[in-house]
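The structure appears right after this line, and notes come after that.
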Amino acid sequence: MQNSVLQNTHSRLRRFFIESLKDIYYAEQQLVKALNTLWEKATSDALKDAFEDHRQVTMTHVSRLEEIFGLLEVEPKIRKCEAIKGIISEANSIIDDTENDTLTRDAALIFAAQKAEHYEIATYGTLVQYARVLGLNDVAWLLEQTLQEEKEADSALTEIAEGFVNIRALQEEEK
Ligand SMILES: [Fe+2]
Ligand SMILES: [Fe+2]
């Protein structure tokens, strides 16, 4: 009985799960580009490095999702994700609101980037649970890797903010 439930390939949850994968597949692709912009606009080398590292990791998130689509035998398609578009457009307005070559810019970029990471953490956290309940253990394991990497990216940003960015930003005065 349990097996037939777990292998129900026509379940509504499975269909919803696949739609949600398409959504995050789009989001990850947009984030590869956005992280390049964040890298360009950041002031400190430490933050630039963090954005570049996470851009590389994000490219592996895209290919990991392609691997998952392969395991599920569905075509890797994107579905426009309004949430990530909103988060990225907020990051762009933050760039407009802060000056080049300031630590206030870096503090603000961390603020914007952490919103993206938290969005991804929420998404992958739920997707891991769905994959498990659907009996897709290989898929759950892959999603779990990505979830861990999002958490690491988030902590790395917190460390940079608390390490020197916020305190130096505090010392910057308006001209
Ligand atoms: Fe990601
Ligand atoms: Fe991320």
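A few comments on the model shown:
- Shape category assigned to the range 1-99 from the gyration tensor of Cα positions, a/c cut at 1.5: prolate
- Separation of the alpha carbons by more than 18 angstrom is noted, of Lys22/Lys80; Lys41/Lys175; Lys115/Lys151; Lys48/Lys80; Lys33/Lys80; Lys22/Lys151, for Lys41/Lys175; Lys48/Lys80; Lys22/Lys151.
- Förster radius 30 Å - calculated FRET efficiency between Ile78 and Leu13 (Cβ-Cβ, nearest 0.05): 0.90
- Three-way shape label, the range 90-173, alpha-carbon gyration tensor, a/c 1.5: prolate
- Computed Kirkwood radius, in angstrom, where 1/r is averaged over Cα pairs of the chain: 17.2
- Lys115 contributes about 80 Å² of solvent-accessible surface, heavy atoms of the protein only, 1.4 Å probe.
- Checking every one of the GluC sites (Glu not before Pro) in the range 46-84 against DSSP loop status and a limit of 10 other Cβ atoms within 10 Å picks out Glu73.
- For the residues His118, His61, His10, a 1.4 Å probe over the protein chains yields an accessible-area ranking, largest first, of His10, His118, His61.
- The calculated 222 nm mean residue ellipticity attributable to helices in the chain amounts to -27500 deg cm²/dmol, summing -39500 (n - 2.57) over DSSP H runs of n ≥ 4 and dividing by all residues.
The values are calculated or read from the model by the stated rules, or taken from the named source; none is laboratory data. No experiment lies behind these values; they were computed from the predicted model shown. Because the Cβ atoms are built from the backbone with ideal geometry, glycine has one as well, and the counts that use them run over all protein chains shown. Quick note on the areas: whole protein, heavy atoms, side chains included, nothing else; ligands and nucleic acids left out. Shrake-Rupley method; radii C 1.70, N 1.55, O 1.52, S 1.80 Å.
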